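Remarks on the structure that follows.
The values are calculated or read from the model by the stated rules, or taken from the named source; none is laboratory data. Note that the structure is predicted; figures quoted are calculated from it, not measured. Every residue, glycine as well, gets a Cβ built from its backbone with ideal geometry; the counts of neighbours run over all protein chains shown. Ligands, DNA and RNA are stripped out before the accessible areas are found, and what is left, the full protein with its side chains, is counted by its heavy atoms. Shrake-Rupley method; radii C 1.70, N 1.55, O 1.52, S 1.80 Å.
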Amino acid sequence: MTAGSTVASAEPTAPLPEAAASAPTLADFRCPPQDVSTSAQPEDYTSTAVYKATGAIDMELIWDSLLNRALFLGQQYLSSGLLTRDDFLSCEAFLYLGLPAVTLFEAALRSLGYRGIILSAGLEIEETECPHGHLRLYRAIASIRDQVHTLQLSSLEIRIIRQTLLFNSDPAKEIPERDTLDVGKRKEINRIVAQVNSIASSVSQMAFFKEHFNGIVERLSRY
């Protein structure tokens, strides 16, 4: 990043399919319910527009990134059949840890090759620019990013991690591909999964996140 700048625009390096599209704004969660299957995709995120006007990074910008991406991933998993409307209608318990966990893992993947963390709006935040209240979250995601880089995970291994994170708290969900990995690779993946789940557990207990995540579940039940 250039000296004196607070945030740099960035594009993820070789993103996975889920990371490529934009998501609805957080304002959608604060307005009357809409039909997410037909609502238009906006050009900007709510807090990204504020950043462009003020140059300020605040906690809402970070929350916007996490919540927007959680909603978008939910839509993608519904479209692919990995999740069902019934999962959201019945408020399945695994969603409340699994979807935030996958969202956080994606943030680490999106940040591969960068010094900072790349928000889903395409902004890079370095540690010195992160709001103090989010430093632990920032460092935890950066640690996952560095481990993924060191391990040079394959697309299959990344897919297994995603599904393990999503369904980890639901013993009824099976991931057959996991059995194809050797013992050493499974240990590496389990270590990453445990660390991401620890972060997701903390995030999912925060009042702001719980309040708005319930709105995500409600919206996805109508997708």
Value of Rg/Rh across the range 58-110 [Cα atoms, Kirkwood radius]:
1.00
Go through the range 128-223 and name the GluC sites (Glu not before Pro) that are in a DSSP coil and have 11 or fewer other Cβ atoms within 10 Å of their Cβ.
Glu174
Any idea of Asp87's accessible area? Nearest 10 Å², probe 1.4 Å.
20 Å²
What FRET efficiency do you get for Glu177 and Thr150 if R0 is 30 Å and r is their Cβ-Cβ distance, rounded to the nearest 0.05?
0.85
